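A.B. asks: Following this message is one structure expressed as structure tokens.
The values are calculated or read from the model by the stated rules, or taken from the named source; none is laboratory data. Note that the structure is predicted; figures quoted are calculated from it, not measured. Please note: Cβ atoms are built from the backbone with ideal geometry, for glycine as well, and neighbour counts cover all protein chains shown. Only protein heavy atoms, including side chains, enter the accessible area calculation; ligands, DNA and RNA are left aside. Shrake-Rupley method; radii C 1.70, N 1.55, O 1.52, S 1.80 Å.
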Amino acid sequence: RAGQKNADVRLGLISVEGDKTRWVTWDAERYPYLATVRWKDQAPITILVQNRQQTEEALLRVDAETGSTTFLLVEKDDAWLNLDPSMPKWFADGSAFLWTTERDDAWRLELRSADGRQVRSLTGTAFVYKGLVDFDSDQGILHLSGSDDPTQTQLFRLSTEIAAAPVPVTTEPGLHSATFSENHRVYVHTSSTMDGLRKQVVRNTDGRELGVLQSVAEEPPFVSNIELTAVGVAPLFHAVLVRPRNFD
């Protein structure tokens with residue numbers, strides 16, 4: 001309960017054939033919260049731990065043989081640290097990983113080496129990063145969602161090999177998302193626009209349309225009368241006005 005003692009949490013490793021548990025060790029007095037555990041492909045076991053105030057967190061690399069941990073990075077904020085449950089995102093061969101941070105007061109995506117050192121920022125603070133959509137580490141290509149307009153969500157493509165700005169994949173005003181195949185070669189593009197239409201189109205990675213997933217939902221008899229606006233002085237506050245559909 002709030003204000004009471006925290007639950008004691010441990011993390012252990014055990015063989016599928018059954019054996020003695022190897023307990024993972026870290027400074028649980030300083031970081032009592034175990035927020036994330038990652039272990040995928042050839043990448044190392046990685047855990048994210050936080051202090052109780054959630055103003056400091058450490059990303060730790062775990063030795064699977066001994067359970068000991070080493071620091072990859074530490075994040076601090078005087079007020080609060082938000083968690084990104086999709087991170088860290090390791091390359092399949094364990095050579096590097098992606099990391100997101102609000103260190104500069106806005107979400108941005110970073111490329112980091114296997115020992116945690118920052119290689120470079122993949123997105124700047126001017127780009128409104130909203131999330132990682134797909135990561136093909138073999139090709140060094142990732143797709144992400146974001147927009148300079150907070151009323152929209154667009155899809156972008158980015159290379160981890162070249163220092164360049166994200167390339168737009170979608171541009172039509174609205175909300176866009178995608179679900180990629182396991183081999184990253186095709187994806188289902190879902191779009192929702194202000195006219196009330198929602199479409200799902202199967203595309204290959206160059207954007208070419210391969211097919212449309214038909215909807216059997218009944219067409220609505222009318223579309224909501226919506227107006228997007230911004231009020232106040234900088235920074236502006238975005239708002240939406242919803243009026244009766246026959247409003248004059």
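A.B. asks: Bins of 10 Å, beginning at zero and ending with the bin holding the largest distance: percent of Cα pairs per bin for segment 95-222, please.
C.D. replies: Over segment 95-222, the share of Cα pairs per 10 Å bin runs 12, 39, 31, 13, 4, 1 percent.
A.B. asks: Okay, moving on. Quick check: at a probe of 1.4 Å, how many percent of the accessible area of the chain sits on carbon and sulfur atoms?
C.D. replies: 51
A.B. asks: Using Cα springs under 10 Å in a Gaussian network model of the chain, which residue among HIS238, HIS189, HIS176 shows the largest mean-square fluctuation?
C.D. replies: HIS238
A.B. asks: Which pairs in the list LYS76/LYS199; LYS5/LYS76; LYS20/LYS89; LYS76/LYS130; LYS130/LYS199 are over 31 Å apart, alpha-carbon to alpha-carbon?
C.D. replies: LYS76/LYS199
A.B. asks: Net charge near THR205: determine it from the other residues with C-beta under 10 Å of the C-beta of THR205, scoring Lys and Arg +1 and Asp and Glu -1.
C.D. replies: My count for the surroundings of THR205 gives +1.
A.B. asks: Moving on. Taking just the alpha-carbon atoms of segment 14-147, what radius of gyration and Dmax come out, in angstrom?
C.D. replies: Answer for segment 14-147, Rg first and Dmax second: 15.5, 51 Å.
A.B. asks: Ranked highest first by average number of other Cβ atoms within 10 Å, how do 87-100, 123-136 line up?
C.D. replies: 87-100, 123-136
A.B. asks: Still on this structure, I have one more. Using Stokes-Einstein with the Kirkwood hydrodynamic radius over Cα pairs, what translational diffusion coefficient do you get for segment 1-57 at 4 °C and a viscosity of 1.567 mPa s, in µm²/s rounded to a whole number?
C.D. replies: Reported coefficient: 99 µm²/s.
A.B. asks: While we're on this one: May I ask you to give the solvent-accessible area per residue for segment 87-180, in square angstrom, as obtained with a 1.4 angstrom probe?
C.D. replies: 45
A.B. asks: Measure of size requested: the Rg and Dmax of segment 141-186, with Cα atoms as the atom set and Å as the unit; please supply both.
C.D. replies: 11.3, 31
A.B. asks: Turning to a different aspect of this structure: Treating the beta-carbon of each Lys and Arg as +1 and of each Asp and Glu as -1, no other charges, what is the dipole magnitude of segment 1-120 about its Cα centre, to the nearest 20 debye?
C.D. replies: The dipole magnitude comes to about 180 debye.
A.B. asks: If you count, for each residue, the other Cβ atoms within 10 Å and average over each peptide, how do 196-205, 227-236, 154-163 line up from highest to lowest?
C.D. replies: 154-163, 196-205, 227-236
A.B. asks: Sticking with this one: Given 37 °C and 0.692 mPa s, compute D for the chain with the Stokes-Einstein relation, Rh being the Kirkwood radius over Cα pairs; round to the nearest whole µm²/s.
C.D. replies: 155
A.B. asks: Please give the peptides 4-13, 22-31 ranked by average Cβ packing (other Cβ atoms within 10 Å per residue), highest first, as a rough proxy for protection.
C.D. replies: Ranking, from highest mean packing down: 22-31, 4-13.
A.B. asks: A further question follows. Quote the charge dipole size of the chain about the Cα centre in Debye, to the nearest 20; the model charges only the Cβ of Lys and Arg (+1) and of Asp and Glu (-1).
C.D. replies: 340
A.B. asks: Would you give the gap between the C-alpha center of segment 152-204 and the C-alpha center of segment 212-230, rounded to a whole Å?
C.D. replies: With segment 152-204 and segment 212-230 each reduced to a Cα centre, they are spaced 20 Å.
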